[in-house]
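**Student:** Questions regarding the structure given below will be posed in turn.
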Amino acid sequence: MDFSHVFLNLVRNGAEILTVPTYDEMGWSEIQHLQHSAMAPARAIEHRRWVVRAASSGVSQIINPYGEIQQSLDVGLTGTISGKIDKRSPLTFYASFGYLLTPICLVLVISYLGYELVLDIKNTLNKKFSKIEISKNIRMLDALVLISYTQN
């Protein structure tokens, strides 16, 4: 379930329902089984597809396209679960464009940081130039005072 690119390719190739047969080790702790089953709702949400997860010894589930678990068979239990599911074909933004959101966010963050850097440099230069102007003005005043003092 953690291979999201596999599900992305399945959906792009027309999968309307995602079925996940999985071999969960009998020796895993209950927490490991629950953690492994927690990935299925994420895949359902990413692709807005029903997910049917059949586990050998872990959690078997039927999950709706919004990540809500409709039916579940707990860890280590033998049995069947049943439910009504629908085929879905529309592609989500993620299914259409994949990981495009990550580079977009990266460009936005770098642009913002660059903008802030330019503003910081501009403010620093303005402060330096204003100090230079003040220094020039003080020298001119000193020169005027000196001239007027020598004339008296």
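**Student:** Here are GLY14, GLY79, GLY27: which of them is within 28 Å of TYR99 (Cβ to Cβ) and among the small types (Gly, Ala, Ser)?
**Tutor:** GLY14
**Student:** Can you tell me which of ILE85, ILE45 is among the aliphatic types (A, V, I, L, M) and in contact with a Gly (Cβ under 8 Å, 6 or more places away or on another chain)?
**Tutor:** One residue alone meets the criteria, ILE45.
For (1) over 30 Å from SER4 (Cα atoms); (2) surrounded by 10 or more Cβ atoms within 10 Å (Cβ to Cβ); (3) in the same structural domain as TYR66 (by TED's automatic domain parsing); (4) modelled with pLDDT under 85, each residue gets a yes or a no:
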| site | (1), (2), (3), (4) |
| --- | --- |
| LEU106 | no, yes, no, no |
| VAL109 | no, yes, no, no |
| GLU116 | yes, yes, no, no |
| ILE121 | yes, yes, no, no |
| THR124 | yes, yes, no, yes |
| PHE129 | yes, yes, no, yes |
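**Student:** Here's a follow-up. Tell me, please, whether a residue that is touching a Lys or Arg at 6+ places or on another chain (Cβ under 8 Å) and either touching a residue at least 40 places away in the same chain (Cβ under 8 Å) or in a helix (DSSP H, G or I) (or both) can be found in segment 103-126.
**Tutor:** Among the residues of segment 103-126, not one is touching a Lys or Arg at 6+ places or on another chain (Cβ under 8 Å) and either touching a residue at least 40 places away in the same chain (Cβ under 8 Å) or in a helix (DSSP H, G or I) (or both), which makes the answer no.
**Student:** State which residue is farthest from TYR94 (Cα to Cα) when the search covers only segment 29-55 and only residues that are in contact (Cβ under 8 Å) with a residue 24 or more places away in the chain and exposed (fewer than 15 other Cβ atoms within 10 Å of the Cβ).
**Tutor:** My answer is GLU30.
**Student:** Another one. Give me the pairs, please: first residue somewhere in segment 8-28 and in the same structural domain as ALA38 (by TED's automatic domain parsing), second residue anywhere and small (Gly, Ala, Ser) and not in a loop (DSSP other than H, G, I, E, B), beta-carbon distance under 6 Å, and either six or more positions apart or on two chains.
**Tutor:** Sorted first by the residue in segment 8-28, then by its partner, the pairs are VAL11/ALA95; PRO21/ALA54; THR22/ALA55; ASP24/ALA55.
**Student:** Taking segment 56-66 as the search range and keeping residues that are surrounded by 16 or more Cβ atoms within 10 Å (Cβ to Cβ) and not aliphatic (A, V, I, L, M), which one is nearest to PRO90 (Cα to Cα)?
**Tutor:** By that ranking, first place goes to PRO65.
The values are calculated or read from the model by the stated rules, or taken from the named source; none is laboratory data. Quantities reported herein were computed from a predicted structural model and do not represent experimental measurements. Here the Cβ is made from the backbone with ideal geometry for all residues, glycine too, and neighbour counts use every protein chain on show.
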